[in-house]
Amino acid sequence: MIAKKLLMLFIPFTLVSFAFSSDADQLPNTIDYKLDLRIDYATKKLFGKCEITILNETNQPIKNVPILLYRLLSVKNVANENNVSLPFSQSITSISGWEQIQVNFIEISLGKILSPGEQSKINLEYEGYLFGYSAEGWRYVKDHIDKSFTLIRTDGFGYPIIGYPNERDMMKIAQQQYDYLINVTVPNEMIVVTAGKLIEQTKTDNESKFVFHSKEPSWRLDIAISDYNIFEKGENKVYYFTSDSLGAQKVMSALQSCFEIYTEWFGPLDNYQGFSIIEVPEGYSSQKDITAIILSAENFDESREMHTIYHEIAHSWNVTNLDVQPCRFESEGFAQFMQFLMAEKLDNNENAVSEAAQRNLDRVRNAFKEKEECQSIPIKDYGVHDMTDFSYTLGMVVFALFYDIIGQEYFNEIIKSFYKENHLKGATLNEFIHHCKRIAPIDLESFFDDWIYTTRGIKLVVGGKTFNELKEYYKDN
Ligand SMILES: [Zn+2]
């Protein structure tokens, strides 16, 4: 849900990576993560303990587990779930493909065979320093420990992450989904913020302990520590620096306004646990997670970032996709469309949808002319062919056309009833399309055939039809 920075770095490599993934080492998946951090600001040192629950979802037995950690963080001890020490090795190495990025690479022997389908727990203790990778070329990864601001996140390898130091495994990191429990102890005057829900906060004379539980399973842990101000409305929160209180109001207003409109249109969410916007200083880059956005200070005021908020909040009404390799049309196409529709409704940006749709059409046409093989792959197969990027662009166009054909009232009814009927159990793309056809007042068989199941729609795009011409085309057909 996530044009995640880390993931974005990898997208150009995806096709290359797949070429050698078949004979690469098998990795277990992370299914639960417990992280316990203590920070000593006097020495700027981090002390961490974690318990990672792993599951072997491959078809091969697994004996060793590889771990990546920031180069100045070293592992002190590794144990299994019965607290029996496990042998491990660690060494500083470069990530293959990005030679200037060094990590501490740890290999743990499980001391047993983890058969396919089996799970196990690994406990690690580690400590050391964090200085980020901005000097090495990852300019925005300024993760570090400092009294005024501390940031620990996936991109800086500030906590143990399963993977080998190569590009393929960087991709795998962003494909994990797990629940987490984060426990951070800091000096009293500091506030710890994560994308999770604060479930406990205790204070002694000198220290405060913050405990967070994930609101939704995620692939990343982000921990920001500063003297944050908190702006709260209902379940939604904005964490901001004093100098940006005006920006914080704008951000909260965008968050609340779209949340209210979506709720009115698509019905109330079941068990909504709130969304957090977390400010980070200038140059740290913005990032998205399923229940939070990290927003860098220079973007606090930008309308582009408000679009990001409209996009992310729209995802709350998505139903978990049950396809093996989801094409993400009904999630990303929908959220992309909603972000521009909200720009029209909330920012008086009158033609936001049609202008964005036209931009997307031009982009898709150029890309598909360059890579002709893409022209023969229907949207439903974008997951299989690693083309989900086009579910954002082409998917947005299809949603805009769909909205134009059936009108707002039926569109809202379709999203609302689909969420209501399926959010607890999940649904496939086919179920979503069937649902649209069932509720819509007109026959949509050929429309969805054109765009989802065949490449007839893509032929129209490559043939040069504009967004307005496509709208006309469906009025006539
Ligand atoms: Zn998204």
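Quick look at the values:
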item	result
Filter result (free of Cβ contacts under 8 Å to residues at least 12 places away in the same chain and either loosely packed, with under 12 Cβ neighbours inside 10 Å or of a type in the set (A, V, I, L, M) (or both)) within region 448-471	Gly463
Residue count for region 305-329, restricted to those that are within 13 Å of the ligand (Cβ to nearest atom), open to solvent by 20 Å² or more (accessible area, probe 1.4 Å) and either part of a loop (DSSP other than H, G, I, E, B) or at pLDDT 95 or above (or both)	3
Subset tally (residues that are more than 23 Å from Asp169 (Cα to Cα) and part of a strand (DSSP E or B)) for region 65-87	5
All helices (runs of 4 or more DSSP H) inside region 424-477 with 1 or more residues being among the aliphatic types (A, V, I, L, M)	429-439, 456-462, 467-476
Any hit, region 125-138, residues being open to solvent by 40 Å² or more (accessible area, probe 1.4 Å), assigned to a strand (DSSP E or B) and closer than 22 Å to Thr194 by Cβ	yes
Subset tally (residues that are surrounded by fewer than 21 Cβ atoms within 10 Å (Cβ to Cβ) and either in contact with a strand residue (DSSP E or B) (Cβ under 9 Å, 6 or more places away or on another chain) or among the hydrophobic types (A, V, I, L, M, F, W, C) (or both)) for region 437-447	4
Tally of residues being open to solvent by less than 40 Å² (accessible area, probe 1.4 Å), of a type in the set (S, T, N, Q) and more than 16 Å from the ligand (Cβ to nearest atom) across region 355-380	0
Output for region 341-354, where each listed residue is open to solvent by 20 Å² or more (accessible area, probe 1.4 Å) and within 16 Å of the ligand (Cβ to nearest atom)	none
Residue ranges of strands (runs of 3 or more DSSP E) in region 166-208 with at least 2 members within 20 Å of Asp32 (Cβ to Cβ)	179-187, 197-203
Among residues of region 248-288, those that are touching a residue at least 40 places away in the same chain (Cβ under 8 Å), open to solvent by 40 Å² or more (accessible area, probe 1.4 Å) and within 30 Å of Trp138 (Cβ to Cβ), counted	1
Failed item in (1) in the same structural domain as Thr428 (by TED's automatic domain parsing); (2) among the small types (Gly, Ala, Ser); (3) farther than 30 Å from Cys436 by Cα, with Gly247 passing the rest	(1)
Residue pairs meeting the criteria (Cβ under 7 Å; at least 6 apart or on separate chains; first not assigned by TED's automatic domain parsing to the domain that holds Asn422, in region 298-320; second β-branched (Val, Ile, Thr) and not in a helix (DSSP H, G or I))	Thr308/Ile293; Ile309/Ile293; Glu312/Ile293
Residue count for region 57-96, restricted to those that are over 16 Å from Thr30 (Cβ atoms) and among the aliphatic types (A, V, I, L, M)	8
Selection status of Gln90, open to solvent by 50 Å² or more (accessible area, probe 1.4 Å) and outside any strand (DSSP E or B)	no
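The values are calculated or read from the model by the stated rules, or taken from the named source; none is laboratory data. Everything numeric in this text was worked out from a predicted model, so none of it was measured. Positions of Cβ are generated from backbone atoms using ideal geometry, with glycine treated the same way; all protein chains shown enter the neighbour counts. Calculation scope for accessible area: heavy atoms of the full protein, side chains included, ligands and nucleic acids excluded. Shrake-Rupley method; radii C 1.70, N 1.55, O 1.52, S 1.80 Å.
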